[in-house]
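Undergrad: I'd like to ask some things about the structure below.
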Amino acid sequence: MFKGSNKYYWIFGGLFVLVLTAQYVLPTPPDWSRNYLGKSKSAFGCYAIYTLLDEGITSSVQRNDQTLYLLNDRIKPGASVLLVNDAFNFNKNDILSIKRLLNGGHDIFLAASHFDGPLADSLHIETQNSGFGYLLNFNIDSLISRPGIKVSMTASNLKKKSYAYPRLLDASSFSRFDSTRFKVMATYGKNESCLIKTKMGNGTLYFMSIPDVFGNYFIAGHENRSFVYNVLSVLNKEYIVWDEHYKTMNPATDSIFKFIFDSDSLYYAYLLMLAALILYMIFGSRRSQRAIPVKEEVTNTTLEFVDVISHVYYNSKTHRHIAAEKIKYFYESLRYRFGVDTASPPENISEEISTLSGVTPSRVKQMLVYCNKLAAAESVSDHELAELNRQIYIFNKNSLR
């Protein structure tokens with residue numbers, strides 16, 4: 001059972017089962033990622049506020065999983081749009097859709113720690129992070145116990161009430177905005193604005209820089225959840241659209257890999273399987289791989305044959321036969337290229353060949369006369385054979401055809 005490569009299968013299978021069992025038995029660590037998803041029950045998911053919207057705060061909640069451009073055709077009259085994320089960087093089409101919604105009388109509420117892109121640039125909005133939620137020298141328990149910010153509403157009936165949050169809250173403020181255009185609705189610290197609004201078209205555009213207050217940790221059983229209720233009271237109580245499309249952790253992709261990555265146990269088992277597969281490929285292939293035979297490169301035997309034949313002719317001193325064969329093939333090429341009768345005297349065809357080839361008549365005539373001379377000779381010397389080859393080579397090189 002454990003012979004050959006079977007033992008690797010048993011070892012990897014045992015490790016796979018061991019990891020799955022350990023992950024199933026061990027307690028799941030808290031998820032502190034800021035995903036702001038309506039279905040997420042993690043600390044900074046928004047399951048609690050999404051459920052409260054549907055059950056008490058508003059009469060109807062519409063979930064949006066598409067772009068704002070497509071939402072324009074599906075939104076109910078007078079509905080408000082609520083978008084919560086860690087950052088927003090809308091493109092130009094999104095901005096046109098936002099303006100269209102505002103002109104249609106809809107309110108839009110944007111809650112994020114950072115606002116970038118054309119929308120923030122056109123409205124001259126800049127955010128500055130306090131860094132409370134990202135202090136690396138403190139653990140989570142320390143961030144929960146340490147005091148952070150106190151938020152207050154600017155409305156006359158709410159300004160006396162403040163809401164204290166721990167340093168776990170990732171607090172940002174609007175470091176720059178047009179005070180003549182925007183109205184401040186909430187502040188913290190030394191008058192640092194965290195909630196502003198402006199009238200645009202027939203609707204109102206709200207900007208909030210502390211999206212963590214919508215997280216489950218600060219809603220479910222937290223004493224400051226009334227702050228979020230007061231903030232949302234400015235929106236239409238009849239219809240609210242909850243956005244799930246413009247999330248950094250957008251769950252739109254539904255695949256088997258997403259199912260695996262959503263579970264810590266399956267994720268670690270998946271990594272173990274990949275590591276085991278790689279190790280098996282490395283060590284298993286080294287054991288079973290045979291030596292690859294080396295094939296010799298294919299040689300051009302035609303060139304070898306020509307070389308052998310030429311040496312046989314040359315060494316046998318049959319120069320007259322070589323010259324005859326060379327003149328024969330050269331005349332054949334003249335008949336093919338220029339259509340002349342090579343049996344005619346040189347003076348009759350030299351002009352025609354000269355005109356078609358571009359070689360001077362005197363050189364053509366000299367070459368033809370020399371060819372006829374060697375063809376009629378009883379013997380040919382080394383020098384004469386070399387001269388014949390030279391003249392034919394020069395003619396072919398200079399010929400236009």
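FYI, it's all coordinate maths here, none of it is from the lab. Worth saying up front: this structure is predicted, and the values here are computed from it rather than measured. We place every Cβ from the backbone using ideal geometry, glycine too, and count neighbours over all the protein chains shown.
Undergrad: What does the helix-only formula give at 222 nm for the chain: each DSSP H stretch with n ≥ 4 adding -39500 (n - 2.57), the total divided by the residues, and the result rounded to the nearest 500 deg cm²/dmol?
TA: -13500 deg cm²/dmol
Undergrad: Considering only 283, 115, 185, whose Cα is most displaced toward the positive end of the charge dipole of the chain, charges sitting on Cβ of Lys, Arg (+1) and Asp, Glu (-1)?
TA: 185
Undergrad: Hey, got the Cα dimensions of the chain along the principal axes, in Å, largest first?
TA: In descending order, the Cα extents are 130, 71, 40 Å.
Undergrad: Would you be so kind as to identify which of 82, 72, 23 lies farthest towards the positive end of the dipole of segment 12-130, taking Lys and Arg as +1 and Asp and Glu as -1 on Cβ and the Cα centre as origin?
TA: Towards the positive end, the residue furthest out is 72.
Undergrad: Now for a different question. Would you please put 237-243, 143-149 in order of how densely packed they are, using the mean number of other Cβ atoms within 10 angstrom per residue and starting with the highest?
TA: Going by the mean number of other Cβ atoms within 10 Å, highest first, we get 237-243, 143-149.
Undergrad: Run the simple label-point estimate for residue 304 and residue 318 please: 7 Å along Cα→C-beta, distance reported in nm.
TA: 2.3 nm
Undergrad: Now a separate question. Through the Karplus equation 6.51 cos²θ - 1.76 cosθ + 1.60, θ set to phi - 60°, convert the phi angles of segment 110-125 into ³J(HN,Hα) values in whole Hz; use x for Gly and Pro.
TA: Per residue, the Karplus-derived 3J(HN,Hα) values read 10, 10, 7, 6, 9, 10, 10, x, x, 5, 5, 5, 5, 9, 6, 10 Hz.
Undergrad: If you rank 208, 281, 249, 200 by fewest surrounding Cβ atoms within 10 Å, what's the result?
TA: Numbers: 208 23, 281 10, 249 13, 200 17.
Listed from fewest to most nearby Cβ atoms, that is 281, 249, 200, 208.
Undergrad: Using the crude model of +1 on Lys and Arg Cβ and -1 on Asp and Glu Cβ, and no other charge, please compute the dipole size for the chain relative to its Cα centre, in debye to 20.
TA: 920 debye
Undergrad: Additional query: So what is the relative contact order for segment 52-206, in percent, with contacts set as C-alpha pairs under 8 Å and at least six apart?
TA: Relative contact order of segment 52-206: 22 percent.
Undergrad: With only Lys, Arg, Asp and Glu charged, each at its Cβ (+1 for the first two, -1 for the last two), find how big the charge dipole of segment 1-140 is about the Cα centre; round to the nearest 20 debye.
TA: Taking the Cα centre of segment 1-140 as origin, the dipole is about 600 debye.
Undergrad: Expected output is a single nm value to one decimal: the length gained when fully extending between residue 87 and residue 344, i.e. 0.36 nm times separation in residues minus the C-alpha distance. What is it?
TA: Taking residue 87 through residue 344 to full extension adds about 83.1 nm, to one decimal.
Undergrad: Right, something else. Please give every one of the lysines within straight-line cross-link reach of residue 365, meaning a C-alpha to C-alpha distance under 16 Å, and leave out same-chain neighbours fewer than 8 residues apart.
TA: 373
Undergrad: Can you tell me which of 375-384, 226-235, 333-342 comes out highest on packing, and rank the rest after it, using the mean Cβ neighbours within 10 Å?
TA: On the way: 375-384: 12.2, 226-235: 17.3, 333-342: 14.4.
Going by the mean number of other Cβ atoms within 10 Å, highest first, we get 226-235, 333-342, 375-384.
Undergrad: Based on the mean of other Cβ atoms within 10 Å per residue, sort peptides 390-400, 209-219 so the most packed one is first.
TA: 209-219, 390-400
Undergrad: Just list whichever of 159/183; 39/92; 197/237; 160/199; 159/197; 150/199 have alpha carbons separated by over 20 Å in the model shown.
TA: 39/92; 160/199; 150/199
Undergrad: If you place +1 on the Cβ of every Lys and Arg, -1 on the Cβ of every Asp and Glu, and leave all else neutral, what size is the dipole of segment 283-399 about its Cα centre, to the nearest 20 Debye?
TA: Charge dipole, segment 283-399, about its Cα centre: 700 debye, nearest 20.
Undergrad: Follow-up. Rounded to the nearest Å, what's the spacing between the alpha carbon centres of segment 19-37 and segment 344-379? Just the number, please.
TA: Distance between centres, Cα-based: 96 Å.
Undergrad: Can you return the aspartates and glutamates within cross-link range of residue 99? Criterion is Cα-Cα under 13 Å, with same-chain partners fewer than 8 residues away left out.
TA: 107
Undergrad: Using a 10 angstrom cutoff on alpha carbons, build the Gaussian network for the chain and name the most mobile of 178, 307, 65.
TA: For the chain, modelled as a Gaussian network with Cα springs under 10 Å, the answer is 307.
Undergrad: Also, quick follow-up: Of the options 379, 103, 348, report the single residue whose Cα projects farthest towards the positive end of the charge dipole of the chain (beta-carbon charges: Lys, Arg +1; Asp, Glu -1).
TA: 103
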